[in-house]
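Here, each number is a calculation from the coordinates, and none is a lab measurement. Predicted model only: the values in this text are computed from it and were never measured.
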2 protein chains.
Amino acid sequence: MPKPSQTESQATPADSAAGTLKRKRTFAIGELAEMFEVTPRTIRFYEQEGLLSPERKGQRRIYHDKDRVRLKLTLRGKRLGFTLAEIREVVELYDAMPGGNTRQLHRMLEILAEKRADMEQRLEDIRLMQHELDDVETRCRAVLERLEP
Amino acid sequence: MPKPSQTESQATPADSAAGTLKRKRTFAIGELAEMFEVTPRTIRFYEQEGLLSPERKGQRRIYHDKDRVRLKLTLRGKRLGFTLAEIREVVELYDAMPGGNTRQLHRMLEILAEKRADMEQRLEDIRLMQHELDDVETRCRAVLERLEP
DNA sequence: TATTCCCTTTACGTTAACGTCAAGCATAAC
DNA sequence: GTTATGCTTGACGTTAACGTAAAGGGAATA
């Protein structure tokens, strides 16, 4: 993992100036890219893979807050090691949810259960890894202790 | 993530028959592969990448418990999203630790700190993802409630 | 002795997730 | 008007992490 960082810089929350006029802010691809420290190419690629479908203004892509959130979730999924295909399956089902048929909904619950189990495994892996880190650090410091006064 | 499973089947602990004769058990590549549900090819590849260096008996590879542990840690690292290159760096430093010079040891501590921060980020990601899952499941069940009696 | 396994190396193939040009349009700034 | 900036669509390139097939060794079993 080359880039563990990523917290989506807060941006100026100067939108709620005098009330609840949120629905205005949109983003160009470059802005969004900078926000999440990815390249525009990455964002276009995600669209091509069916993970985003921004509005178009002529030729240009216009991203709304909904798109930003979806990108955020996508990147989080990636950091968790999911493939784009897996993420897309959830996304598609999610989009189809309101009018979804029973079978789709049950499929969704199925996937959710899988992901949940997955998260548990990951938590366990992290726990174990943290212990490993503690262990190695202890030994490491012990050796250093013997080398430095 | 295609294969979230993986708990390294306990194998028969029939080794400690009458005392502490542990140092005997070794494994062929096929055994090890089956244990961890990977292919022999994967294990050979890890060796080629400098993550394992099993003993040789003639042409055949012989894996000791130390190798098994290292493979286990490697696979865990992978599940956590580390690249083989990252894992190797740690492994190499770890091997060099006992006789390691001060610079290497400090580098090790540096890496450990990075990994630790990384684990924290992952924990946060998992926490958020779990909330997402809860959220989606709730909506999902709500829609189902309206469709089924 | 012949067959069956399991192993070996070599080497080319594959997939996901982008990177990296290239060529061109459009709007804002000068 | 023209220059600069940021966008657009191809299209080919790249990297990691193996998969897969070929050709063969050796020991154990039928």
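Rg to Rh for segment B:30-149: what is it, with Cα atoms only and Rh by Kirkwood?
Ratio of gyration radius to Kirkwood radius: 1.19.
Can you work out ³J(HN,Hα) from phi for every residue in segment A:85-91, in order, using Karplus 6.51 cos²θ - 1.76 cosθ + 1.60 and θ = phi - 60°, giving whole Hz and x for Gly and Pro?
Residue by residue, segment A:85-91 yields 4, 5, 4, 4, 4, 5, 4 Hz.
Enumerate the whole-percent occupancy of each 5 Å bin, from 0 to the last occupied one, for all C-alpha pair distances of segment A:83-149.
Distribution as computed: 4, 13, 14, 13, 10, 8, 8, 6, 6, 6, 5, 3, 2, 1, 0 percent.
Using alpha carbons only, how many angstrom separate the centre of segment B:127-149 from the centre of segment A:87-135?
Centre-to-centre (Cα) distance: 13 Å.
Which values, in whole Å and largest first, are the semi-axes of the equivalent ellipsoid of segment B:22-83 obtained as the square root of 5 times each eigenvalue of the Cα gyration tensor?
Largest first, segment B:22-83 gives 19, 13, 11 Å.
Please report the orientation-averaged projected area of segment B:60-116, defined via the convex hull of its C-alpha atoms, in nm².
Projected over every direction and averaged, the Cα hull of segment B:60-116 covers 4.8 nm².
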